[in-house]
Amino acid sequence: MTTMKLGELLLQRGKLSPADLSRALDAQTHMAGERLGRILVRLGLCAEVDVAEALAEQLQVSLVRADRFPSAPPELGSLNPNFLHKHALLPLGDVSSDVLFVTSEPNSPLVQQALRLALHQEPQLALGLETEILATLEAWFQEENAEEPEADFQGAAESNRSNELIEHLKDLASEAPVIRWVNQIFAQAVEAGASDIHLEPFEDTFCVRARIDGVLQKIAEPPLELAAAIVSRVKLLAHLDIAERRLPQDGRMSQKIQGRRIDVRVSTVPTRHGESVVLRLLERDESLLQLEAQGFEPDILATVKALLTEPHGIFLLTGPTGSGKTTTLYAALRSLDTERLKILTVEDPVEYELPGVNQVQVQEAIGLTFASALRAFLRQDPDVIMVGRCVTPKPRKSLFRLPLPAIWCFRRYTPIPQQGQPFGSTTLASSAISSPLP
């Protein structure tokens with residue numbers, strides 16, 4: 001892999017001017033997680049094929065064009081077509097064989113890890129143009145998704161009305177009053193130290209609540225007529241599809257609020273009176289990911305630090321939503337020596353990126369669940385495993401069957417009473433938990 005950055009390669013090839021590169025890099029700072037190549041194409045500063053050729057040189061992978069794609073869909077095995085669409089991923093043969101995958105992001109750790117666990121072998125990846133990959137996937141699966149001809153005529157008028165409404169919402173979401181309301185809601189929540197913001201439409205009101213110290217508190221009540229526009233504003237910032245109001249969506253964004261960089265995880269759920277939106281606020285300040293910053297009493301902090309020096313065991317955190325379970329787990333992991341230890345995590349979602357830690361994002365669409373990840377981790381020679389969340393019996397039992405003399409396991413658990421579904425075997429649990437803390 002060449003040490004030159006993508007922008008430098010494009011400058012060297014004469015495909016991009018220094019001024020245009022500066023514009024794209026500036027835009028990238030406002031688009032959390034967006035790759036430079038995609039930004040250059042979307043802004044019309046570079047042709048997609050020019051970006052792809054430079055990226056292929058940078059990553060030292062082959063570039064595969066559409067003329068080498070199969071005309072008919074191969075056998076996908078356990079892979080879900082939605083996963084292929086989401087990651088612009090296209091197999092050049094049956095997935096059951098030693099197949100080459102073409103993707104627009106061959107260096108994506110998420111794609112690599114997901115395929116590794118789905119195929120039980122190291123995936124072979126090549127670079128492709130995103131537009132060509134998505135067009136081929138669309139052609140492969142259009143027959144499955146095709147509607148009856150009569151429905152096309154009936155749905156045409158509804159589609160036009162829907163498009164008009166979407167454009168109207170986009171206009172409203174860009175108006176000053178809506179922007180002021182969204183900025184005010186963020187500012188109030190951050191100032192109050194909230195962990196979550198809830199936007200909840202009801203029949204007669206639009207309620208904004210924040211979870212502060214684990215308790216929901218009402219912080220604002222914007223006009224009901226602005227509810228759809230405020231929700232659309234949030235969805236636009238999180239790069240969600242504002243046209244989709246019938247299905248849940250998840251997204252992320254990054255905001256600078258009162259001089260502090262805040263990562264925001266966004267979840268939408270359709271309700272009877274509109275979309276309910278929950279925003280999880282995650283401050284990027286690394287000083288917060290310290291055990292000393294978690295609010296422990298001195299004696300409990302000393303006990304926690306002592307537990308983390310033990311050669312093996314299970315570190316189990318329980319508590320209600322917003323009580324700091326995830327932050328405490330990350331702080332515990334950061335206190336470990338990542339240079340000497342093999343640390344693996346399975347999370348849904350990955351909330352903070354930790355240097356020196358192998359973090360896996362759950363992808364249930366392809367069978368990458370907490371339980372399957374745990375089974376795969378045992379073949380990775382781990383020293384420490386962290387499980388982000390787990391409320392079903394199978395992963396719970398897997399935890400207590402890990403070879404504890406060799407492994408430290410970190411767990412976050414939100415208690416949800418379910419008759420007939422205890423956390424795990426009482427005998428196994430009692431042998432693993434030796435130092436409960438209040």
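The values are calculated or read from the model by the stated rules, or taken from the named source; none is laboratory data. If you're wondering where the values come from, they're calculated on a predicted model, not measured in any experiment. Backbone-built Cβ (ideal geometry, glycine too); neighbour counts: all protein chains shown. In case anyone asks, the SASA skips ligands and DNA or RNA and just uses the protein heavy atoms, side chains included. Shrake-Rupley method; radii C 1.70, N 1.55, O 1.52, S 1.80 Å.
Taking amide H positions as placed in the peptide plane 1.01 Å from N, state which residues far from Leu100 in sequence (5 or more) or on other chains have amide H under 5 Å from it.
For Leu100, the qualifying residues are Leu92, Gly93.
Across bins of 10 angstrom width beginning at 0, how are the C-alpha pair distances of region 262-310 distributed, in whole percent?
21, 28, 23, 19, 10, 1
Read phi for every residue in region 294-300 and hand back ³J(HN,Hα) as whole Hz from Karplus 6.51 cos²θ - 1.76 cosθ + 1.60, θ = phi - 60°, with x for Gly and Pro.
Residue by residue, region 294-300 yields 8, x, 6, 5, x, 5, 5 Hz.
Ignoring ligands, DNA and RNA, what percent of the 1.4 Å accessible area of region 1-99 is carbon and sulfur?
Whole-percent figure for carbon plus sulfur exposure: 49.
Quick one: which residues, 5 or more positions from Phe206 or on another chain, have an amide H under 5 Å from its amide H? H modelled 1.01 Å from N in the peptide plane, none for Pro or chain starts.
Leu224
Which FRET efficiency value, to the nearest 0.05, is calculated for Thr318 and Leu25 with the Förster distance at 45 angstrom and r the Cβ-Cβ distance? Could you put the intermediate results ahead of the total?
Numbers: r = 44 Å, r/R0 = 0.97.
E between Thr318 and Leu25, to the nearest 0.05, is 0.55.
Rolling a 1.4 angstrom probe over the protein heavy atoms, how many square angstrom per residue are accessible across region 237-365? Before the final figure, lay out the partial values.
Details: 6650 Å² over 129 residues.
I get 52 Å² per residue for region 237-365.
How much of the accessible area of region 199-326, in percent, comes from carbon and sulfur atoms when a 1.4 Å probe is used? Mind showing how you got there, number by number?
Values: 3310 of 6710 Å².
Here carbon and sulfur together make up 49 percent of the probe-accessible area.
Among the listed pairs Lys86/Lys218; Lys218/Lys256; Lys15/Lys342; Lys235/Lys342, which are separated by more than 32 Å between their Cα atoms? Write out the running numbers ahead of the final one.
On the way: Lys86/Lys218 36 Å; Lys218/Lys256 23 Å; Lys15/Lys342 42 Å; Lys235/Lys342 37 Å.
Flagged as over cut-off: Lys86/Lys218; Lys15/Lys342; Lys235/Lys342.
Hey, got the dipole for region 313-357? About the Cα centre, +1 on K and R Cβ, -1 on D and E Cβ, debye to the nearest 20?
On the way: 4 positive and 6 negative charges, 36 e Å.
In debye, rounded to 20, region 313-357 gives about 180.
Excluding Leu9 itself, calculate the net charge of residues whose Cβ lies under 13 Å from the Cβ of Leu9, where each Lys or Arg counts +1 and each Asp or Glu counts -1.
Numbers: positive: Lys5, Arg13, Lys15; negative: Glu8, Asp50, Glu53, Glu57.
Summing Lys/Arg as +1 and Asp/Glu as -1 gives -1.
Counting other Cβ atoms within 10 Å, which GluC sites (Glu not before Pro) in region 178-268 have at most 15 and lie in a DSSP loop? Could the numbers behind the result be given before it?
Values: sites: Glu191, Glu203, Glu225, Glu244; in loops: Glu203, Glu244.
Answer by residue number: Glu203, Glu244.
State in Å² the accessible area per residue of region 1-73; use a 1.4 Å probe, count heavy atoms of protein chains only, and round to the nearest integer.
Details: 4240 Å² over 73 residues.
Counting only protein heavy atoms, the per-residue value for region 1-73 is 58 Å².
Taking H placed 1.01 Å from N in the peptide plane, check which residues at least 5 places from Arg261 or on another chain put their amide H under 5 Å from its amide H.
Sorted by chain and number, the residues that satisfy this are Arg284.
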